[in-house]
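Reviewing the structure listed below.
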Amino acid sequence: MKASRIGQSAAILSIGVIALTACGGGGGGTTTLQGAGASSQEAAMNAWSDGAGELDPAVEVRYSPDGSGAGREAFLAGGASFAGSDAAMDEEEFESSKEQCGDKGAFNVPAYISPIAVGFNLEGIDSLNLDAETIAGIFSGEITTWNDPAIAQQNPDADLPDTNITVVHRSDESGTTENFTDYLHAAAPEAWSDEASESWPISGQENSQGTSGVVSTASDTDGAITYADASAIGDLGTVAVGVGEDYVEYSPDAAAAAVDASQRVEGGAENNMALELDRDTEADGAYPIILVSYHIYCNEYQDQDTADAAKAFGQYVVSEEGQQASADAAHSAPLSEEMRQEAHDAIDQITAAG
């Protein structure tokens, strides 16, 4: 069972105002809507902000990428009108959301699907094949040099140096970390016994804040390895992950193939769309280290303008146009047509109190 997130201290956020002209709502004036959360969504959110502004010049979207945990905390405390999160709300958070969102609480809707790249900094090497056991061994600290036999056997043509491996992980609570550790535990449980967690479970390793922070630190450190949303991996070399008898490089199509093998999480609101991902899949062409990043909305907002604004923005994000904007900006995998329609219908249930 996951550790409680409710008791974690909320970050004090300086969140910019998100002003949306309510589409089809009562009053038709400007509404203040605030968003905060996953840094993995930052590039996509910029594209969604631009797209929303093109649809209505009065639309201004400002998103504070403070991390998934901070975004959920802000939302549950009433400091944000929606959250972006690489981890869906758990049952305790759903119950807590009723304080801000009424008896129906809040719901998770998939907004952004992306591979999590395993990136490394080795001069002259752009790609390596690694299975789950080896990836877990590296990040746990059991495999400490790049010419270790476990790495060399899978990469016979690579000129591997005896450079020490420097693991770089997120210092903040991160949905990317939760997704990555979920993969390690599911796909290599003997090498990685820790269950999924937003906080990195191993002390004494290099760390940095946010997606851009770990990529920057790894890029500046010879022999470093890290994990990050693929849209932000930059010039680092990347790992093709062992799946069955093959090695699969990350790509939008490979991420989508992994999502297709997922199951729905039970519980929460009736329109909750949280997914249980199959991390140890052997499906052809599936890349299992993925994140499904959610938007979290109230089913019921306190006023009509906020409800209309949240609905209008949320439905643009999951529309074909919104998903294409994200794919163009962040190389994400668009939601399938079936999932887009279900997400649209879930968001359409947003109402206002009274």
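The values are calculated or read from the model by the stated rules, or taken from the named source; none is laboratory data. The model shown is predicted, which means the values in this text are computed figures rather than measured ones. Cβ atoms come from the backbone with ideal geometry, glycine included; neighbour counts cover every protein chain shown. Just the protein is used for accessible areas: all its heavy atoms, side chains included, with ligands, DNA and RNA removed. Shrake-Rupley method; radii C 1.70, N 1.55, O 1.52, S 1.80 Å.
For the range 295-306, the criterion of being in contact with an Asp or Glu (Cβ under 8 Å, 6 or more places away or on another chain), of a type outside the set (S, T, N, Q) and either part of a helix (DSSP H, G or I) or within 18 Å of residue 88 (Cα to Cα) (or both) is met by none of the residues.
Checking each residue of the range 105-118 against the condition of being open to solvent by 10 Å² or more (accessible area, probe 1.4 Å) and part of a loop (DSSP other than H, G, I, E, B) gives no match. Residue count for the range 196-254 satisfying the condition of being touching a Pro at 6+ places or on another chain (Cβ under 6 Å) and open to solvent by less than 10 Å² (accessible area, probe 1.4 Å): 0. The single residue among 325, 343 that is in contact with a strand residue (DSSP E or B) (Cβ under 9 Å, 6 or more places away or on another chain) and either over 15 Å from residue 48 (Cα atoms) or assigned to a helix (DSSP H, G or I) (or both) turns out to be 343. Residues in the range 117-160 that are over 30 Å from residue 330 (Cβ atoms) and either of a type in the set (A, V, I, L, M, F, W, C) or without any contact (Cβ under 8 Å) to a residue 40 or more places away in the chain (or both): 13 in all. Summed over the range 73-95, residues that are in contact (Cβ under 8 Å) with a residue 24 or more places away in the chain and surrounded by fewer than 21 Cβ atoms within 10 Å (Cβ to Cβ) total 5. Under the condition of being free of Cβ contacts under 8 Å to residues at least 60 places away in the same chain and assigned to a helix (DSSP H, G or I), the residues counted in the range 164-184 number 3. Residue 78 meets the conditions (1) at pLDDT 90 or above; (2) closer than 27 Å to residue 228 by Cβ in every case but one. The failed one is (2).
Residue pairs whose Cβ atoms lie under 7 Å apart, sitting 6 or more positions apart in sequence or on different chains, and linking a residue in the range 313-335 that is within 19 Å of residue 230 (Cβ to Cβ) to a partner that is hydroxyl-bearing (Ser, Thr, Tyr) and assigned to a loop (DSSP other than H, G, I, E, B), are 326/332.
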